[in-house]
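Colleague: Sending over a structure as structure tokens; questions will come in a sec.
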Amino acid sequence: MLVAAAVCPCPPLLVPEVAGGAAAEMDRARAACYDTLGVLAAARPDLLCVLGPAEPAGRGPHPQGARGTLAGFGVPLEVSLGKGEPARRELPPSLTVGAWLLERTDWTGCPVEGLGVGEPLARDRCQEAGRELAARADRVALLVMGDGSNCRTLKAPGYFDERAAAFDAEAARALAEADTAALLALDEELAYELKAAGRSSWQVLAGAGQGSDLAGKLLYDEAPYGVGYMVAGWS
């Protein structure tokens, strides 16, 4: 069953070497991510799964030891998903950022696995995937990577959409309150139109968290580049 979850944004800009001179703009988000990872260790899980949005080549399970690189973002940095033999498939960017966060916090706990989730994955399949994850061990923890809308300002990657702020506000409220029903109620089509890369991952979390009676806490909710970034912890 699910005993803890940490929710973090997944832009490569979270990594200072990628952000370069703009690294300070993500300092607060990065610090919040480090803080929320503490709930995972404190829960003493039997299994930790890092999940996040992925393109077709990166979807599905990734074993412990799978490696990811940020070379495509101009930084020759490699990370590993826990300790283990390198896998043939490379981690998608979202799981690479998640593995980077775990390495920064010196994760030495339970086995770690990854799951790349397709952004178009339907709500019911997300819910089912979450339930399956929660049943993998007696004590399961999730590191959930994903961004909110991409359309908060005129300079945002997805340009401005007046619906974006309300969508992000509802997602942030649901994450803050560990409200699984509200996360599952997020509109799939609207999320797609707003380029909200975290919708499917959050709904996998909701499926895993149903019936767990966890409490949520929101540590960060801002849009420094016109993209909604949220950090939350469930325990």
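Colleague: Which residue, chosen from Tyr225, Thr96, Ala206, occupies the Cα position most advanced towards the positive end of the dipole of the chain, where the dipole is computed from +1 (Lys, Arg) and -1 (Asp, Glu) charges on Cβ about the Cα centre?
Modeller: Toward the positive end, the furthest listed residue is Thr96.
Colleague: Once the other residues with Cβ under 13 Å from the Cβ of Asp147 are scored (Lys, Arg +1; Asp, Glu -1), what is the net sum?
Modeller: On the way: positive: Arg152, Lys195, Arg199; negative: Glu119, Asp168, Asp221, Glu222.
For residues surrounding Asp147, the net value is -1.
Colleague: Got a number for carbon plus sulfur as a percent of region 2-234's accessible area, 1.4 Å probe?
Modeller: Numbers: 5100 of 10020 Å².
C and S atoms contribute 51 percent here.
Colleague: Mind checking which of Gly52, Ser80, Thr36 is farthest towards the positive end of region 1-135's charge dipole, using Cβ charges of +1 (Lys, Arg) and -1 (Asp, Glu) about the Cα centre?
Modeller: Gly52
Colleague: Which lysines does Lys83 reach when only Cα atoms under 30 Å apart count, and residues fewer than 8 places away in its own chain are ignored?
Modeller: Straight-distance partners of Lys83: Lys217.
Colleague: How big is the accessible area of Phe73 in square angstrom, nearest 10, if you roll a 1.4 angstrom probe over the protein chains?
Modeller: Looks like 100 Å² after rounding.
Colleague: From Cα coordinates alone, what are the radius of gyration and Dmax values for the chain in angstrom?
Modeller: In order Rg, Dmax, the Cα atoms of the chain give 16.0, 47 Å.
Colleague: Can you put Tyr159, Tyr225, Tyr192 in order of accessible area, largest first, using a 1.4 Å probe? Before the final figure, lay out the partial values.
Modeller: Numbers: Tyr159 135, Tyr225 55, Tyr192 175 Å².
These residues rank, largest area first, as Tyr192, Tyr159, Tyr225.
Colleague: With just the Cα atoms defining each centre, how far is region 7-39 from region 156-235? Give it in Å.
Modeller: Comparing the Cα centres of region 7-39 and region 156-235, I get a distance of 17 Å.
Colleague: On to the next question. Accessible area per residue for region 2-234 in Å², computed with a 1.4 Å probe and the full protein assembly in place, what is it? Could the numbers behind the result be given before it?
Modeller: Values: 10020 Å² over 233 residues.
Ligands and nucleic acids excluded, the result is 43 Å² per residue.
Colleague: Work out from phi, with θ = phi - 60° and the Karplus expression 6.51 cos²θ - 1.76 cosθ + 1.60, the ³J(HN,Hα) of each residue of region 166-172, listed in order in whole Hz, and give x for Gly and Pro.
Modeller: 5, 4, 5, 4, 5, 4, 5
Colleague: Moving on to the next point. Roughly what % of DSSP beta bridges within the chain run antiparallel, to the nearest 5? Spell out each step's value before the answer.
Modeller: Working: 15 of 32 bridges.
So the antiparallel bridges in the chain amount to around 45 percent.
The values are calculated or read from the model by the stated rules, or taken from the named source; none is laboratory data. Nothing here was measured: the structure is a model prediction, and the numbers come from that model. Positions of Cβ are backbone-derived with ideal geometry, glycine not excepted, and every protein chain shown enters the neighbour counts. Remember, those area values only see protein heavy atoms, side chains included, never the ligands or the DNA or RNA. Shrake-Rupley method; radii C 1.70, N 1.55, O 1.52, S 1.80 Å.
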